1. Only one of GLN52, GLN13 is within 52 Å of the chain's Cα centre (by Cα), open to solvent by 90 Å² or more (accessible area, probe 1.4 Å) and among the polar types (S, T, N, Q). Can you tell me which?
2. With the condition kept exactly as written, say whether any residue in segment 172-182 is farther than 29 Å from LEU23 by Cβ, within 16 Å of the ligand (Cβ to nearest atom) and either free of Cβ contacts under 8 Å to residues at least 40 places away in the same chain or assigned to a helix (DSSP H, G or I) (or both).
3. Has segment 190-211 got at least one residue that is in contact (Cβ under 8 Å) with a residue 24 or more places away in the chain, among the β-branched types (Val, Ile, Thr) and within 13 Å of the ligand (Cβ to nearest atom)?
4. Answer yes or no as to whether ILE61 is farther than 30 Å from TYR91 by Cβ and surrounded by 12 or more Cβ atoms within 10 Å (Cβ to Cβ).
Amino acid sequence: MDRVQLNKLLLLQEREEKLFRLLREKTKILEEIRSFSDKLNNIDNEISAIYQQKNDISKDIEKTIKDINTYEKSLKNMESAIKGIKSKEHYKNILRERSKTENMIINAKNRLKHLRLKLEQLENSEELKYLKIDQAKIKDEITILEEDLYSIETSIKNAQKDIIDYENSLDKELVSLYKDIKKRVVPVFIPLDKRACSYCGNVLPIDSYNKIIQNDINIFMCPVCQRIIYKSSDMI
Ligand SMILES: [Zn+2]
């Protein structure tokens, strides 16, 4: 592998690394969407529970109003029945019955007042207000993330096509050599950092280092991590 070939493969590696970064970014976005969706789900459940509670109370209110109407109707019937009663015993019974019904009406009206207050509190509850604010915020976040996802997917497709086009422009044997090395180590090419392999930190012997710097050898493999070391100036 000469320096020109090395440079061509470095550009291929660069393209692959770009694709890898995009794929990683996509995974991150998907994780964020999942996490926001879970949060949204919890908030939706909490809001539904409050609505369910409101619904139950409304039904209870309806039933209580119906009960009051029934009691009042039977109270009216008792009032008109009282007039025609002859028997003292019967009269006493109906008075007892009337007072019982009056108490039931008072209790039902108290209950109605209590239920209406509870419903009003639920409708104006701070909890529901903040849940709805959070719900809207999270929906916005998800929309933004979905837009990001769409754009990153486009970039991924472009990067994949770019790699294929670039590979097709290179010598086939060179590409397959690169792919063979890639089966063992990724990334294949690692820049020299001062005197060391910047992947594993192995400090090169001074004579190897000098050879690389003076371009005395075409490629040099790190004896520790088996990656091909290049100096930054090899990149055109
Ligand atoms: Zn190394």
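The values are calculated or read from the model by the stated rules, or taken from the named source; none is laboratory data. Quantities reported herein were computed from a predicted structural model and do not represent experimental measurements. Methodologically, a virtual Cβ is constructed for each residue, glycine included, from the backbone with ideal geometry; neighbour enumeration extends over all protein chains shown. With ligands, DNA and RNA removed, areas are computed over all heavy atoms of the protein, side chains included. Shrake-Rupley method; radii C 1.70, N 1.55, O 1.52, S 1.80 Å.
1. Working: GLN13 fails: open to solvent by 90 Å² or more (accessible area, probe 1.4 Å).
When all the criteria are applied, what remains is GLN52.
2. no
3. yes
4. yes
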